[in-house]
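These notes concern the structure reproduced below.
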Amino acid sequence: MAWARFCDRHSWLTLLGLALLSIGAGLGLSRFQIDPDISALLPEDSDEVELFKAIHLDEDESKTLYLIVRGDDLELALGDLVKSLKESPYLDHIAATRAEFGGSLASAASEAPLWFIPEETLAQLEERLTPAGLKAAAEESRELLESDPLMGTGVVRNDPLGLRWILGEVAQQSLLSRFESNSAYLLLDGGRVAFLRLQGHQPAFDVEFSEALLADVEMRCEGLDVLATGGYAIAREDSRRIRGDLVSSFRWSIPLLLIFFLITTRSLVIPHLYLIPTGIAIFWTLGYAGFLIGPMTPLAVSAAAILVGLGVDFSIHYVGRFREERARHEFTRALEITQGATGRSLLGCWMTSSVAFLSFALGSFSGLRDLGLLLALGLTLALFSTWTVLPLLLKVTPRPAPPAPPGPLLRFFSRLSRSNSARYASLTILVLASTGWLVVASKGVNVDADPRHLRPVESVVSRSLLSLEQTLGFSPEGVTLLMETDESPQLLVDAARSLLEDGTVTFADTTLLSARAPERAQKVESFRRSTEGWTDQGLQALSEQGLNAEALRAGVEQFATRFEANPSWTEGDDGLLHWQGGVLWRASLHPPIALTTRDARGEFRSALQAAVQAPTRAMDPGALGDAIGPQLEAELRGSILGCALIVALVIAASVGRLRAGWVAMTPVVCGLGVVLGLLAHLGWIIHPGNLLALPLLIGLGVDDGLYMVNRYLEGSSDPIQTTGVDVWRTSVATAVGFGSLITAESPAIASLGAIVLIGTATCFITTVVLIPWLLRPRSHA
């Protein structure tokens, strides 16, 4: 009441404070950013997440763009395209040729091929370097010179003994084997498809940079049939989809709310009194979040809808009570009574909802923690806006008309609450809620932390990945097997060979592991001992064929140098994963098609690990979500239990009576029971994208129950006809706000809207049916 008098008597001072607060928010709004990096939704201090990042599934890929170019006669077009791309100010590196794509591995394999060629090839080479093999090679060179002196001269000078074929065998062990061998470019499908890998300056999470890079690349690819995928394409699509979802949700939810409020309040002014304080609070929230929290995850898109749904509750109940009191008292007195009558309920609702969201601030999922902080900040500012902005608006607007009689729906519920049917309706609600909790207890709720649930299945990027999968003949998303370095990497090589033979794996690049295996070192040493002196023997064989051996010595000795060379290993190109001060062998194995379900991923990982005769650890993007899902479920359970305890204490303190406090909690208990029961029965997934629906429903249910019970305790004979009207309006506001999210392209945001819509309806029905029945005197029950 004192605060109401202060705002009334010192309007200009209050207005100045609000203006300064708004200026600060405006400055901070420029810093508010949505970071499309969905890895921010993963838990901190998790070995699984750190391992995921260490395998280079994050940083390298975030700076990569893959281009799939289709057309005829691509050799000429690629030359011009690559030249143009190299002039781009956004790109660091372009891999368009076999040499560029192979990188340091291709260079190492060329310098020391004995360590990289297949064992069968090494045996063939050893036979080639026997006296009989060298004699046959010298004869082939002489015959080539005799049949085609012009071409043969250059070939024989560079490779007198026909040994260059082993370099091609090295490529057959790597991804390069998938491309056409008769072209320097990375061509597929008979030369009708080309593959390029581009590396940018900045990570794709810098959305402005991603937009600029893609615009530049698309301009340089104009006239070509090009499909882009990879980190930059994903970042741009996610960013555009998120912005589109945000605009779409506001485009029709706000007009629908205005229309609803105009019809139900029969006033042009009151709907604006509901929405203006909430809109200002959202503006403040986003502005100061830019200062206090930093870049937000894509889930921040839902923050505006959540704040509209919850924040407008404060204004609706405040204005509704003020209209009643203004009909009986002058302005200042009506304001004081409204402040006093609604203060306890508003504070209780603010505290319970804030506690519900802050419960996630204690978890290890940083994205959820930041969003929980954002929403708690938003609710605090919404309450502050209701107590400061709203009194000023009420002071300068015309005197509102007294509340109109409730509409037909509320009249129906009012009659129902006084009839004998109330018992049966209430028992029906209790049975439904109890059944829901029983289903949850028996089936459990499916919790999955895979961040890919945030993206639609039929997206541009998904289609690009499918096209890449069909082009390469295997899924680009492989599983990385990790093994302790105490074991020989040959175990992984042998397992990969077996898995390739039985079709479990379609591609496995184990070239580095094969080169690092002790067994390979023994074979190379044995090869060198058995072929010792082959250089002189080869020159002698050439001389016996009538060729100038001294003129051909350089061509022979270049291969001798390569055969004596040992590879040098650098971190990142050594077949090892350097992690937490230790090292692990690593091998990437790819299934024929992408594995999209948890069961399929689990079966594939099990098959890989069973094929290795040593303990291994499997890691892939899906495995990460599968592994941290139980952690998310445990934190969810702990958050809800802790939140329920605190909410119960807050309700007891707000209501002041034990029985009334339990009654006020029934919308929460019934709402969660029905929602979780449906999720368990239908097999819907709870994931980081829709997880906040649960604390939101706790806040909504508590709000409804507190307002209704407190009004009953004030002595209202029929709170449905007074507070029930405002509960109806707040429920519709929430339903419309979140109903707008159902049309979102992002499945996580759409599922959030659907869950909240179902929960809101359940909480409302419980509030206007079950609570009045439970509060009726026993003689009338």
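The values are calculated or read from the model by the stated rules, or taken from the named source; none is laboratory data. The structure presented is a predicted model; accordingly, all values stated were derived computationally and were not measured. Quick reminder, even Gly has a Cβ in these numbers, built from the backbone with ideal geometry, and neighbours come from all protein chains shown. Calculation scope for accessible area: heavy atoms of the full protein, side chains included, ligands and nucleic acids excluded. Shrake-Rupley method; radii C 1.70, N 1.55, O 1.52, S 1.80 Å.
Structure data summary
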quantity	calculated
Mean Cα-pair separation over length for the chain, i.e. relative contact order, pairs under 8 Å, 6 or more apart, %	22
Net charge contributed by nearby residues that have their C-beta within less than 12 Å of PRO615 (K/R +1, D/E -1)	-2
10 °C / 1.306 mPa s Stokes-Einstein diffusion coefficient of region 190-291, Kirkwood radius on C-alpha pairs, µm²/s	89
Rounded if a/c under 1.5, otherwise prolate or oblate - region 310-432, Cα gyration tensor axes	oblate
Whichever lysines have a C-alpha closer than 26 Å to that of LYS83, once near sequence neighbours (fewer than 8 apart) are set aside	LYS63
Amide H contacts of ASN446 (H built 1.01 Å from N, under 5 Å, at least 5 apart or other chain)	ILE686
Principal axis dimensions, region 252-351 - Cα atoms, whole angstrom, descending	49, 29, 18
Cα-Cα separations in region 608-738 greater than 21 Å, expressed as whole percent	55
Computed [θ] at 222 nm, deg cm²/dmol, the chain (DSSP H ≥ 4; -39,500 (n - 2.57); rounded to nearest 500)	-21500 deg cm²/dmol
³J(HN,Hα), Karplus 6.51/-1.76/1.60, whole Hz, each residue of region 317-324, x for Gly, Pro	5, 5, 5, x, 6, 4, 4, 5
Charge dipole (the chain, unit charges on Cβ, about Cα centre) - positive-most of LEU74, PRO630, PHE764	PHE764
Helix 723-739 vs. the chain, principal-axis angle (Cα, 0 to 90°, nearest 10)	20
Accessible area (Å², per residue) of the chain, counting only protein heavy atoms and a probe of 1.4 Å	42
Loop-located trypsin sites (Lys or Arg not before Pro) in region 71-138 whose Cβ has at most 14 other Cβ within 10 Å (DSSP)	LYS86
Local electrostatic count at GLY555 - Lys and Arg +1, Asp and Glu -1, tallied over other residues with Cβ under 13 Å	+1
Cβ-defined net charge surrounding LEU227, 10 Å radius [Lys, Arg +1; Asp, Glu -1]	+1
Two-decimal log10 I(q)/I(0) for region 250-293, as the Debye equation yields it once each C-alpha is a single scatterer, q = 0.15, 0.18, 0.26 Å⁻¹	-0.46, -0.59, -0.87
Region 72-147: GluC sites (Glu not before Pro) in DSSP loop, at most 14 other beta carbons within 10 Å	GLU87
Within the accessible area of region 71-166 (1.4 Å probe), percent carbon and sulfur	54
Alpha-carbon spread of region 463-511, three principal axes, descending order, Å	41, 20, 16
Descending semi-axes in whole angstrom, ellipsoid equivalent of the chain, from the Cα gyration tensor	71, 27, 20
Within the chain: Cβ-based charge dipole about Cα centre, in debye rounded to nearest 20 (Lys, Arg +1; Asp, Glu -1)	6400
Crossing angle, helix 747-765 versus the chain [Cα axis fit, 0-90 degrees, rounded to tens]	20
The chain: angle of helix 666-682 to the longest principal axis, Cα-based, in degrees nearest 10	30
